[in-house]
1. For the pair residue 30/residue 62, report the inter-label distance in nm, with labels modelled 7 Å from Cα in the Cβ direction.
2. Say R0 is 22 Å: what FRET efficiency, to the nearest 0.05, do residue 54 and residue 6 get from their beta-carbon distance?
3. Please give the contour-minus-distance gain from residue 70 to residue 44: 0.36 nm per residue of separation, less the Cα-Cα distance, rounded to one decimal in nm.
4. How do 39, 9 line up, fewest other C-beta atoms within 10 Å first?
5. Take the alpha carbon gyration tensor of the stretch 1-46, find the square roots of its eigenvalues, order them as a ≥ b ≥ c, and report rounded if a/c is under 1.5; if not, report prolate when a/b exceeds b/c, else oblate.
Amino acid sequence: MWEENDPRRSIEERYGTHQGYVCVVTNAANEAVKKRFLRSTAATTLIAQAQAGNVLTDITPTDEDQEIAKRLCTTPPKGGRDDRGDDGDGGNGR
């Protein structure tokens, strides 16, 4: 359920576009393979699922959305955090 006072950013604010989302999933999966937390076959499956998914496919991206996605696809986030250093828990560790 959507909460009016939820401090977390929306999916659109996080990834910008579907391609931005796919880039984040791809980078995370590849990093997990590199650290030996995930097998490459599983990473391939996760990436394919992200590409085939419908995350942000129902929006018309703004210029700002395009910039967010471009930044995510150009410079992968470090340490499981997005481009603004936010891990999605709204700062509350949940």
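1. So the two model labels end up 2.9 nm from each other.
2. 0.50
3. Result: 7.2 nm gained on full extension.
4. 39, 9
5. Prolate, because a/c is 1.5 or more and a/b exceeds b/c.
A short reminder: the numbers here are calculations on the coordinates, not readings from a lab. Since we're looking at a predicted model, the values are computed, not measured. Cβ atoms come from the backbone with ideal geometry, glycine included; neighbour counts cover every protein chain shown.
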